[in-house]
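Below you'll find the structure, written out as structure tokens, and then a few comments.
The values are calculated or read from the model by the stated rules, or taken from the named source; none is laboratory data. Everything numeric in this text was worked out from a predicted model, so none of it was measured. Side chains are part of the model used for accessible areas, which takes the heavy atoms of the whole protein and leaves out ligands, DNA and RNA. Shrake-Rupley method; radii C 1.70, N 1.55, O 1.52, S 1.80 Å.
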Amino acid sequence: MNHCCTVPHLNSVPLILSISFQFSSSYCPNPKPKLAQELDTLADSETKNRDVVLKLYDALRSRDVDSVHRTLTPDLDYWFHGPPPHQFLMRTLTGVSPTFEFVPLSVVSFGSTVIAEGCDVASSISWIHAWTVAHGIITQVREYSNTSLTVTRVGDVVAGRSAEIAPSHCPSVWESQFSGRAGKSVPGLVLAI
């Protein structure tokens, strides 16, 4: 980009200067605001976390034990809510009983938390898994069976940093859709992330 300007000379004779500007991307600041960059990073992380969980479901369906082991931490933190005979995920992971077919009908990500939801073929049992993913490995799962779940966000998180928590406002960011399919009343829980 060239700019010309007239600069007065000492004896009142104009002096013409030609100034050339060259910008290098290494010296030019990124035009994208920092917040937008952080949101892009968060979206990329959420996509990667979602992909990790989807790969786990694929490995469970194909009974690929090695892939399951690579996806889960050896000391997986497991938590269950629902009728005790419906602990299908734990039974599937430990090989205690025949495998329950987990086919997620909905999968969403919120930072390191990935929520997957589905139901059995007869739509009599609904399930929800809330996975925590860290560095591409699943470290925690909360399994809900025949339970209505509402996920709320406590504070805002951008690029792993939490903003101040507004105690009177915790917006709902996700609600289960399949828990009512069985035509019966189910307990409801709130998961705060």
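Structure notes:
- F102 accessible area, 1.4 Å probe, all protein chains in place, Å² to nearest 10: 10 Å²
- Fully extending the segment from W79 to R61 would add 4.3 nm, taking 0.36 nm per residue of separation and subtracting the current Cα-Cα distance.
- Solvent-accessible surface of the stretch 56-106, taken per residue with a 1.4 Å probe and all protein chains present: 60 Å².
- Put simply, the amide H of C119, placed in the peptide plane, has neighbours under 5 Å in V103, L105, W127, leaving out anything fewer than 5 places away on its chain.
- For K55, solvent-accessible area (1.4 Å; no DNA, RNA or ligand), Å²: 130 Å²
- By accessible area with a 1.4 Å probe, ligands and nucleic acids excluded, highest first: order of W174, W131, W79: W79, W174, W131
- In terms of its C-alpha gyration tensor, the stretch 60-161 has an oblate overall shape, because the principal axis ratio a/c (a ≥ b ≥ c, square roots of the eigenvalues) is not below 1.5 and a/b does not outweigh b/c.
- Apolar share of the accessible surface for the stretch 46-162: 53 percent from carbon plus sulfur atoms, 1.4 Å probe.
- When R63, R142 are compared by accessible surface with a 1.4 Å probe, the order from highest to lowest is R63, R142.
- The amide H of V173, built 1.01 Å from its N in the peptide plane, has V151, T152, R153 as neighbours under 5 Å, considering only residues 5 or more places off or on other chains.
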